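Trainee: This is the structure I want to talk about, given as structure tokens.
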Amino acid sequence: MALVTVNELLFKAEEEGYAVGAFNANNMEIVQAILEAAKRENAPVIMQASQGAIAYAGLDFITEMVRLAAMASTVPVALHLDHGTDFDQVVRCIRSGFTSVMYDGSKLPLEENIALTRKVLEMTRPIGVSVEAELGKIGGTEDNVHVSEKDAMYTDPEEARYFVEQTGVESLAIAIGTAHGQYKGEPELDFDRLAKIKALVKIPIVLHGSSGVPDESVRRAIELGVRKVNIDTNIREAFVGEMRRVMMEKPDEIDPRKILGPAREAATAIISEKIRLFGSSGKA
Ligand code: G3H
Ligand code: 13P
Ligand code: ZN
């Protein structure tokens, strides 16, 4: 089927109380792994490309690979820009065929983030492309967040209410203690903050930096209103881990397919596991 929008997928997830997995698509094998996992689980899925992935693979390649995956599938697939920080990049992705974009103005002062998110929405509303915004600072795992810094970094519930009211944005990425990349210790999520945000903000909530978050915490976050869960690092670990294992086992192997094939299968396995955790199996 043709690519669907993220709004469409999250609307159903909100009604039925589960989350849709948003997996970073960095190369052909990972696109295929995401598709295969979604098919095996009969689940809706979001394939997302970061600015780094677009710079690596090329915008047309990413779009066409994901479009082809969607066309070859009976499960709904959306194509989303992950952490778009540049208005022109957002426009290029939409022109290329993305059905959803994240405009990430989280590093900007609040009013600038609001103004630019609004500008993106003015463009997307007439053409039906979905928009996610970010409020608060989702750290890198290298950033140690001290308790005293939490209020400065994490999403403020009242500010979230004001932001959504002012922008009319359709989904919101929040900072409640997750971070991108591999965690050093076990992440502790601020569930009280999430509950307060959800009480004030009636749109789907997005959890970034979800690789390495304990399953129990992911389940609780979904109970409290998270509807899109972003996973990249766990796929990288599974994919490269398997490549490394095969190359160690067969140091003379020179056929890339014999190395990348098992890596693709390892990625499929972890993505399937996440889809089950998010409760979206059987929801296609
Ligand atoms: O949010 C970060 C994603 O994992 C994308 O990472 O910019 O290295 O592609 P990347
Ligand atoms: P992880 O790499 O920590 O899974 O985060 C992914 C993400 O948030 C993409 O936007
Ligand atoms: Zn992210």
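What follows draws every value from the coordinates through simple rules; no lab data is involved. Everything numeric in this text was worked out from a predicted model, so none of it was measured. Glycine also receives a Cβ, built like all others from the backbone with ideal geometry; neighbour counts cover every protein chain displayed.
Trainee: At q = 0.12, 0.17, 0.19 Å⁻¹, what is the log10 ratio I(q)/I(0) for the stretch 126-256, with the Debye formula run over Cα points and no solvent?
Mentor: Cα-only, vacuum Debye calculation for the stretch 126-256: -0.53, -0.88, -1.04.
Trainee: Give, rounded to the nearest 20 debye, the magnitude of the charge dipole that the chain has about its Cα centre when Lys and Arg contribute +1 at Cβ and Asp and Glu contribute -1 at Cβ.
Mentor: Value, rounded to 20: 640 debye.
Trainee: Another question, if that's okay. Bin width 5 Å, origin at 0, all Cα-Cα pairs of the chain: what percent of pairs per bin?
Mentor: Distribution as computed: 1, 6, 13, 17, 20, 18, 13, 8, 3, 2, 1, 0 percent.
Trainee: Here's another thing I want to ask about it. Could you tell me the center-to-center distance, by alpha carbons, between the stretch 172-202 and the stretch 214-256 in angstrom?
Mentor: Their Cα centres are 21 Å away from one another.
Trainee: Let me ask something additional. Based on the Cα coordinates of the stretch 1-149, what is the per residue volume of their convex hull in Å³?
Mentor: That works out to 139 Å³ per residue.
Trainee: Dipole of the stretch 163-252, Cα-centred, from +1 at each Lys and Arg C-beta and -1 at each Asp and Glu C-beta, to the nearest 20 debye?
Mentor: Its charge dipole is roughly 180 debye.
Trainee: Please compute the net charge surrounding Val91, taking Lys and Arg as +1 and Asp and Glu as -1 over other residues with Cβ under 14 Å from its Cβ.
Mentor: 0
Trainee: Taking amide H positions as placed in the peptide plane 1.01 Å from N, state which residues far from Gly181 in sequence (5 or more) or on other chains have amide H under 5 Å from it.
Mentor: For Gly181, whose amide H was placed from the backbone, the distant partners under 5 Å are Thr233.
Trainee: Next up: Using only Cα atoms, tell me the angle between helix 157-167 and the longest principal axis of the chain; keep it within 0 to 90° and round to the nearest 10.
Mentor: Around 90 degrees separate the two axes.
Trainee: Dipole size in debye (nearest 20) for the stretch 87-216 around its Cα centre, Lys and Arg Cβ +1, Asp and Glu Cβ -1?
Mentor: That gives a dipole near 560 debye.
Trainee: What base-10 log of the normalised intensity I(q)/I(0) is obtained for the stretch 1-75 from the Debye formula, alpha carbons as equal point scatterers, at q = 0.12, 0.13, 0.24, 0.25 Å⁻¹?
Mentor: -0.32, -0.37, -1.14, -1.21
Trainee: Now, a different point. Take the Cα coordinates of the stretch 195-250, assign each an equal point scatterer, and use the Debye formula without solvent to give log10 I(q)/I(0) at q = 0.20, 0.24 Å⁻¹.
Mentor: Taken in order of the listed q values, log10 I(q)/I(0) reads -0.75, -0.92.
Trainee: Now for a separate question. Going by C-beta contacts inside 10 Å, put Lys196, Lys274 in order with the fewest on the left.
Mentor: Lys196, Lys274
Trainee: On a 0 to 90 degree scale, rounded to 10, what angle separates helix 256-278 from the longest Cα axis of the chain?
Mentor: Once rounded, the angle reads 40 degrees.
Trainee: How far is helix 233-249 tilted, in degrees, relative to the longest principal axis of the Cα atoms in the chain, given as a value from 0 to 90 rounded to the nearest 10?
Mentor: Computed tilt is about 20 degrees.
Trainee: Under a point spin-label approximation (7 Å from Cα along Cα-to-Cβ), what is the Leu200-Arg219 distance to one decimal in nm?
Mentor: My value for the distance between the label points is 3.0 nm.
Trainee: I want to check the label-to-label distance for Ser281 and Glu188. Put each point 7 Å from Cα in the C-beta direction and report it in nm to one decimal.
Mentor: 3.2 nm
Trainee: On a C-alpha basis, how far is the centre of the stretch 267-284 from the centre of the stretch 92-132 in Å? Whole number, if you could?
Mentor: Computed from Cα coordinates, the inter-centre distance equals 28 Å.
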